[in-house]
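Q: What follows is a single structure, and I will ask about it in a moment.
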Amino acid sequence: MKYDFPTPEGTMFPSMTVVSIINVCDFACTHCFYPQYVKQRGYSRHNMETAVFRKIADEMGQYPGSILRFIAWGEPLLHPKMIEFTQYANQVAPCSPISLITNGYWLKPDISKALMMVGLDLIEVSIDAATPETYSRIRVSKYLDAFSRVEQNVKEMVCQRNELGLKTRITVSFIVRPTKESVDEYAIFEQRWGGVADEIIKRKLHTFKGTVPAIAFLPSPRQPCYGLWTRCNINPWGQMSVCYNDWENKNVLGDLIDPGVTIAGVWQGTALARLRANQQKKIFTGICKTCKDYNADAWNHPYEQVVDRCRNKGL
């Protein structure tokens, strides 16, 4: 297999711009690094500023087709300007699909309707359970109604979308742990959501640099990281990092607060070029050296395929 940019356009600008707009969450999921992250020295709550996000969206408008993926080192819907950001991105980058991943608890009908109306193309609701018991054990929160509320929110969003004739693709996801119990529950999850959600996304458990326990075998020999040729990761402060796993901001490639720094400039820069060249030679350095989350299957089944199933945005 050739490990390189999937398209000629990808050499100029990432095929997916992953933007973490907030570092706050009201869940403490056992498969996430967030519960440990907030205990780190120096942690402080931060919402991405409007000027930073607008700079990102404005530049994306110059590169039609690059996917905007809203995530968070927490929960994106807790950002007070989530709807405003979606609307702005759709206005200035109309040919860029807009995607959001959320725990779904705050996806109330007024919020889901607003997001769809302003141009959200794809939403992924992380549920990871087929029963309230499993949900409360894995997706830990103070909300006793979390499981039922999230399910109801998703179903109401589907109904709204269909009634209003909107185009947003609504998906649910399940992280399958390397245990028989998890595999069996995923089968129940498929039965529960088949025919309701537009798609069920099956995910593998990530260890977040080995901090979250997992029982899994990594593929050998190791392949280069797909993300280096496709993903731009931007944290809530507007810093571009090598990897989404860089919660400590130790591998920052550029700061978009600086007027002279652009996504394209960093993407085409020497630092990333060096990392790509090294990994093609099976040399893994820095944050990549001890990575326990590399996904060999990403080269054959990237998340872009999920986004491609959204309705055309004029491309």
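The values are calculated or read from the model by the stated rules, or taken from the named source; none is laboratory data. Keep in mind the model is a prediction, meaning the values are calculated, not measured. Cβ coordinates were reconstructed from backbone atoms using ideal geometry, including for glycine residues, and neighbour counts include every protein chain displayed. Each accessible area value is taken on the protein alone, full model and side chains, heavy atoms only, with ligands, DNA and RNA left out. Shrake-Rupley method; radii C 1.70, N 1.55, O 1.52, S 1.80 Å.
Q: Within the group T86, T50, which residue is open to solvent by 20 Å² or more (accessible area, probe 1.4 Å), polar (S, T, N, Q) and in contact (Cβ under 8 Å) with a residue 12 or more places away in the chain?
A: It is T50.
Q: Look at M60 and say whether it is more than 17 Å from V125 (Cα to Cα) and either open to solvent by 10 Å² or more (accessible area, probe 1.4 Å) or not charged (D, E, K, R) (or both).
A: Answer is yes for this residue.
Q: Still on this structure, please answer the following. Exactly one of (1) open to solvent by 60 Å² or more (accessible area, probe 1.4 Å); (2) modelled with pLDDT under 95; (3) touching a strand residue (DSSP E or B) at 6+ places or on another chain (Cβ under 9 Å) is unmet by K209. Its number?
A: K209 satisfies all of (1) open to solvent by 60 Å² or more (accessible area, probe 1.4 Å); (2) modelled with pLDDT under 95; (3) touching a strand residue (DSSP E or B) at 6+ places or on another chain (Cβ under 9 Å) except (3).
Q: In this structure, is E9 of a type in the set (D, E) and crowded, with 19+ Cβ neighbours inside 10 Å?
A: When the stated conditions are applied, E9 does not pass them.
Q: List every residue pair whose Cβ atoms sit under 8 Å apart, with the two residues 6 or more apart in sequence or on different chains, where the first one lies in region 64-77 and is of a type in the set (S, T, N, Q) and the second, anywhere, is crowded, with 24+ Cβ neighbours inside 10 Å and not in a loop (DSSP other than H, G, I, E, B).
A: Here the result reads S66/T17; S66/M60, each pair linking region 64-77 to a residue that is crowded, with 24+ Cβ neighbours inside 10 Å and not in a loop (DSSP other than H, G, I, E, B).
Q: Kindly indicate whether V24 is within 27 Å of L205 (Cβ to Cβ), in contact with a Leu (Cβ under 6 Å, 6 or more places away or on another chain) and not basic (K, R).
A: yes
Q: Continuing with this model, one more query. Return yes when Y105 is crowded, with 18+ Cβ neighbours inside 10 Å and more than 25 Å from R192 (Cα to Cα) and no when it is not.
A: When the stated conditions are applied, Y105 does not pass them.
Q: Exactly one condition in (1) surrounded by fewer than 17 Cβ atoms within 10 Å (Cβ to Cβ); (2) in contact with a His (Cβ under 6 Å, 6 or more places away or on another chain) is not met by D293; state its number.
A: (1)
Q: Which helices (runs of 4 or more DSSP H) sit wholly inside region 113-193 and have at least 2 residues that are open to solvent by less than 30 Å² (accessible area, probe 1.4 Å) and touching a strand residue (DSSP E or B) at 6+ places or on another chain (Cβ under 8 Å)?
A: 146-164, 180-193
Q: Now for a different question. Determine which member of the set A277, A271 is open to solvent by 20 Å² or more (accessible area, probe 1.4 Å), assigned to a helix (DSSP H, G or I) and touching a strand residue (DSSP E or B) at 6+ places or on another chain (Cβ under 7 Å).
A: Selected residue: A271, the only one of A277, A271 that is open to solvent by 20 Å² or more (accessible area, probe 1.4 Å), assigned to a helix (DSSP H, G or I) and touching a strand residue (DSSP E or B) at 6+ places or on another chain (Cβ under 7 Å).
Q: So which residues in region 69-100 are aliphatic (A, V, I, L, M) and in a loop (DSSP other than H, G, I, E, B)?
A: A72, A93
Q: With the condition kept exactly as written, say whether any residue in region 70-92 is charged (D, E, K, R) and touching a Leu at 6+ places or on another chain (Cβ under 9 Å).
A: Within region 70-92 (the criterion being charged (D, E, K, R) and touching a Leu at 6+ places or on another chain (Cβ under 9 Å)), the answer is no, since none of the residues qualifies.
Q: Out of everything in region 219-258 that is of a type in the set (S, T, Y) and either open to solvent by less than 50 Å² (accessible area, probe 1.4 Å) or under 19 Å from the mean Cα position of the chain (by Cα) (or both), what residue ends up being farthest from R276 (Cα to Cα)?
A: Y244
Q: All but one of (1) at pLDDT below 95; (2) over 22 Å from the mean Cα position of the chain (by Cα) hold for C159; state the number of the condition that does not hold.
A: (1)
Q: Another question about this same structure. Output yes when any residue across region 87-107 is aromatic (F, W, Y), within 23 Å of G254 (Cβ to Cβ) and at pLDDT 95 or above, and no when none is.
A: Taking every residue of region 87-107 in turn, at least one turns out to be aromatic (F, W, Y), within 23 Å of G254 (Cβ to Cβ) and at pLDDT 95 or above.
Q: V307 fails exactly one of the following numbered conditions: (1) closer than 28 Å to G119 by Cβ; (2) not in a helix (DSSP H, G or I). What is the number of that condition?
A: Result: V307 passes all but (2).
Q: Mind checking which residues of region 63-79 are open to solvent by 30 Å² or more (accessible area, probe 1.4 Å), touching a strand residue (DSSP E or B) at 6+ places or on another chain (Cβ under 7 Å) and not hydrophobic (A, V, I, L, M, F, W, C)?
A: None - no residue of region 63-79 is open to solvent by 30 Å² or more (accessible area, probe 1.4 Å), touching a strand residue (DSSP E or B) at 6+ places or on another chain (Cβ under 7 Å) and not hydrophobic (A, V, I, L, M, F, W, C), so the list stays empty.
Q: For region 14-47, give me each residue that is open to solvent by less than 10 Å² (accessible area, probe 1.4 Å), within 19 Å of P97 (Cβ to Cβ) and in a loop (DSSP other than H, G, I, E, B).
A: Correct list: P14, I21.
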